[in-house]
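Chemist: Before I ask anything, here is the structure I am working with.
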Amino acid sequence: MDVATVKAISVIFPAYNEQTNILKTVETAQRVLCQITPTWEIIVVNDGSHDDTGRICDDLMARYAEVSVVSHPTNRGYGAALRSGILAARHDLIFFSDSDGQFDLNEISRLLAHIDQHDVVVGYRAKRQDPIHRKINAWGWKMLVRTMLGVRVRDIDCAFKLFRKEVFHRIQVRAIGAMVNTEILCQATGFGMRIKEVPVSHFPRYHGQPTGANIRVVLRAFRELFKLWTKLRYLAHDQRGLYSTPESERHPALPQS
């Protein structure tokens, strides 16, 4: 892709106890972005980590002018971390991925190749490298969401997504947990936004502990799904999006537990 054709991009990495991964993830992203566009930023959202993630993030911010850190004093959840990152983003395109090294950040260019013709470009794991129980859970969740909300994206929770920034003038982010991907894509579908799906590589997690299969995370996702069901099924087309919401109202509508 011609660097001159790529708009400025904000890259968001939610991070919770990722001391073994965050350094490599950010430095890899820095190298990739330098080859793609002259204008970029990396936003790490340290979601209340109690390991060395915070110190490493501060070191990265001191070394790279394009890296900034948003810190939550306590763990608020994946959706809340993503929300904070989106609110902090300054550029025309917003990309997010996980901090655990399970994706090839060089493949951001695969998504960028379609963003001129689409509002949202989402990756799907061509060959998912997760334990069998996580694959089963993901399939069950996808079928439930398809049945309840009509979202037919093949890999809803794939953490490799690119957005035009303006979509968040219409899309709201209320979920604080794992429901956030479903919430965003349901709204994008309901508003008739152009969504493109692109296959991406996926690798096993070598360091740290995943939280997606944690029973508390799963139960929170189900609670959020049913609490948000009415709002997601019957979207108000004059809805104020995340960026259009007054500062005083920018807080998650759902409790953390």
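The values are calculated or read from the model by the stated rules, or taken from the named source; none is laboratory data. Just so we're clear, the structure is a prediction, and the values are computed from it rather than from any experiment. Neighbour counts run over all protein chains shown; Cβ positions are idealised from the backbone, glycine included.
Chemist: Which residue pairs have Cβ atoms under 7 Å apart, sit 6 or more places apart or on different chains, and have a first residue in region 76-95 that is in contact (Cβ under 8 Å) with a residue 60 or more places away in the chain and a second that is outside any helix (DSSP H, G or I) and acidic (Asp, Glu)?
Modeler: As it stands, the answer is Arg76/Asp47; Ala81/Asp47; Arg90/Glu41; His91/Glu41, since those pairs meet every condition given.
Chemist: From the residues in region 172-208 that are farther than 20 Å from Tyr124 by Cβ and of a type in the set (A, V, I, L, M, F, W, C), which one is surrounded by the fewest Cβ atoms within 10 Å (Cβ to Cβ)?
Modeler: Phe191
Chemist: Another question, then. Determine, yes or no, whether Arg223 is modelled with pLDDT of 80 or more and among the basic types (Lys, Arg).
Modeler: Working: modelled with pLDDT of 80 or more: no; among the basic types (Lys, Arg): yes.
Answer is no for this residue.
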